[in-house]
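Read through the structure below, which is laid out as structure tokens, and then see the notes.
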Amino acid sequence: DLHVRSRRQRQMCIRDRITSSIDKPFGPHTNGTFATSTGVACPADGFASVGEWGDESGFAVQIGPARNALVDVRDRIDPAAVVDLAKLYMYFGFGAEALDVLLLEPSLIEKHAHLGAIATILERGAISGANPLEPYTDCGSDVALWASLSFEDIPGRAIVNVKATLRALNKLPRHLRQIVAPELSERLLQYEEPQAAAAALRSVERLPDQMTTDSIMVQAALAIKTGTPADDKLEKVIDGNTEESPAALIALVETKVARDKPISYETTTLVEAYAQELRGTDMGNRLLQTQIIALSQAAQFDEAFDALGILAPAISTQQSRNLHRTVVEQLTKNANDVVFLDHFFRQDTEVVASLGTSLKLAVAERLMDLGFVTEVQGLLDTVPDRPLHRARQLTSARAAIGLRQPYRAQAALVGLDDPEASMLLAQAKEMAGSYTEAAQIFMAVSYTHLRAHETRGNL
């Protein structure tokens with residue numbers, strides 16, 4: 001029975017056998033004439049030509065005879081028939097079934113490690129652990145396609161033969177292209193080849209079949225990569241209420257935040273609904289994080305901080321800090337004065353310390369405008385004074401003057417020579433009793449301002 005083993009047992013067995021065969025040469029499959037740029041011999045043509053492992057006569061027409069051929073007249077498993085049936089299952093996109101068939105004759109996994117690898121890609125999307133296809137991303141044949149797909153994230157050291165992968169993709173039957181094209185497009189985007197990624201998607205866009213949600217998601221990723229709005233594509237996936245809808249919802253919120261666009265109440269509510277539906281899962285946690293971002297972008301700060309307090313124990317410290325930064329940034333930019341002060345003064349000291357320099361300076365400037373001078377100085381003390389930062393120097397000087405610390409204000413302004421800094425310096429000098437120097441600075445700034453005004457008038 002092909003389904004005696006559990007999925008976990010089957011995957012462990014396949015992984016172990018692929019691992020044991022990873023360092024073995026492919027024997028007669030190796031073509032010494034062609035090699036990668038690193039000198040690794042590439043497999044011969046046809047080694048991974050999945051599109052040639054079946055035909056268009058249909059699944060039922062081909063699968064029955066192939067299954068009947070598994071056992072010979074002596075009731076023994078025919079290894080060649082096992083390989084043929086596994087290949088046929090892969091031609092139709094059934095990776096799990098191909099893996100099950102290969103286990104009928106376990107030695108075949110070691111002999112044909114690439115078949116187990118391709119079946120695993122079709123079943124699981126990539127190969128975790130030992131990867132017998134890893135060296136072949138740079139080959140000029142069909143194997144480059146499957147080698148590129150074998151990685152969930154293409155490593156920086158890998159060299160991908162982009163043309164070979166696209167050629168191999170276009171040779172696949174359309175049902176396989178629908179499965180493979182979005183995955184390849186995503187890998188090529190990772191590889192910083194957006195034009196090739198778009199070409200991979202075009203191979204399914206021109207098919208008469210309706211595009212899959214996977215393909216639309218990659219279209220959206222391509223649009224975002226090139227700076228083109230992708231809202232309509234993401235909303236199409238969201239409206240489809242498919243398995244991809246939560247990921248599309250997350251992407252929609254992220255793109256709106258990146259463009260500083262408002263997020264509707266309906267979108268925020270939908271994120272919350274999906275987060276509740278998928279609570280306890282990785283996607284559920286991602287949705288909760290997205291919900292917090294959406295709430296803050298929609299200026300619903302009470303709800304955002306409440307949700308963050310609930311989620312924080314379930315995520316890492318770094319994730320929690322990143323979310324705090326996002327919410328505090330929106331709070332600083334968009335909240336009215338009362339809401340800003342209410343929520344800011346509730347923040348934990350460690351959270352404030354982790355906000356980052358640019359956000360701390362933005363918060364300090366707003367606190368300064370609202371007259372909370374002591375708090376500004378305390379916040380700026382957590383910002384490194386090197387390298388010099390003009391905004392930090394100016395705000396620090398304003399705070400020192402507000403606290404009647406003229407010498408600290410003068411020290412903060414060292415190296416600055418512009419009208420705003422000069423006016424602050426004059427105030428600090430006057431406060432310190434250096435009236436002559438203060439007057440000279442005031443006069444110099446006034447003269448410079450007058451000359452600039454006259455020049456603009458003449459123009």
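The values are calculated or read from the model by the stated rules, or taken from the named source; none is laboratory data. Predicted, not measured: the structure shown is a model, and the values here were computed from it. Here Cβ is always computed from backbone atoms with ideal geometry, including for glycine, and neighbour counts include all displayed protein chains. When the accessible area is computed, the model is the full protein with side chains, heavy atoms only, and any ligands, DNA or RNA have been set aside. Shrake-Rupley method; radii C 1.70, N 1.55, O 1.52, S 1.80 Å.
Output the number of residues of the range 269-325 satisfying the condition of being outside any helix (DSSP H, G or I), open to solvent by less than 50 Å² (accessible area, probe 1.4 Å) and either of a type outside the set (A, V, I, L, M) or touching a helix residue (DSSP H, G or I) at 6+ places or on another chain (Cβ under 6 Å) (or both).
Total meeting the criteria: 3.
Suppose we filter Arg404, Arg398 for residues that are on the phi > 0 side of the Ramachandran plot, modelled with pLDDT of 90 or more and out of contact with any Leu (no Cβ under 6 Å at 6 or more places or on another chain); which single one remains?
None of the others qualify; the one that does is Arg404.
Which of the following residues is surrounded by fewer than 16 Cβ atoms within 10 Å (Cβ to Cβ), under 25 Å from Asp260 (Cβ atoms) and at pLDDT below 90: Arg386, Arg390?
Testing whether each residue is surrounded by fewer than 16 Cβ atoms within 10 Å (Cβ to Cβ), under 25 Å from Asp260 (Cβ atoms) and at pLDDT below 90 leaves just Arg390.
Of the residues that sit in the range 114-137 and are open to solvent by less than 30 Å² (accessible area, probe 1.4 Å) and assigned to a loop (DSSP other than H, G, I, E, B), which one is nearest to Val162 (Cα to Cα)?
Here the residue is Thr137.
Taking the range 326-342 only, how many residues are outside any helix (DSSP H, G or I) and under 24 Å from Arg279 (Cβ atoms)?
Here the count works out to 0.
Answer yes or no as to whether Arg398 is basic (Lys, Arg) and either in contact (Cβ under 8 Å) with a residue 12 or more places away in the chain or within 16 Å of Glu420 (Cα to Cα) (or both).
yes
Can you tell me which of Leu379, Leu359 is at pLDDT 90 or above, more than 26 Å from Pro262 (Cα to Cα) and open to solvent by less than 30 Å² (accessible area, probe 1.4 Å)?
Exactly one residue qualifies, and that residue is Leu379.
Could you check the range 221-250 and list, in sequence order, the residues that are over 16 Å from Leu184 (Cβ atoms) and among the hydrophobic types (A, V, I, L, M, F, W, C)? Show your work before the answer.
Going residue by residue through the range 221-250, those that are over 16 Å from Leu184 (Cβ atoms) are 223-224, 226-250.
The answer is Ala223, Ile224, Ala230, Leu234, Val237, Ile238, Ala247, Ala248, Leu249, Ile250.
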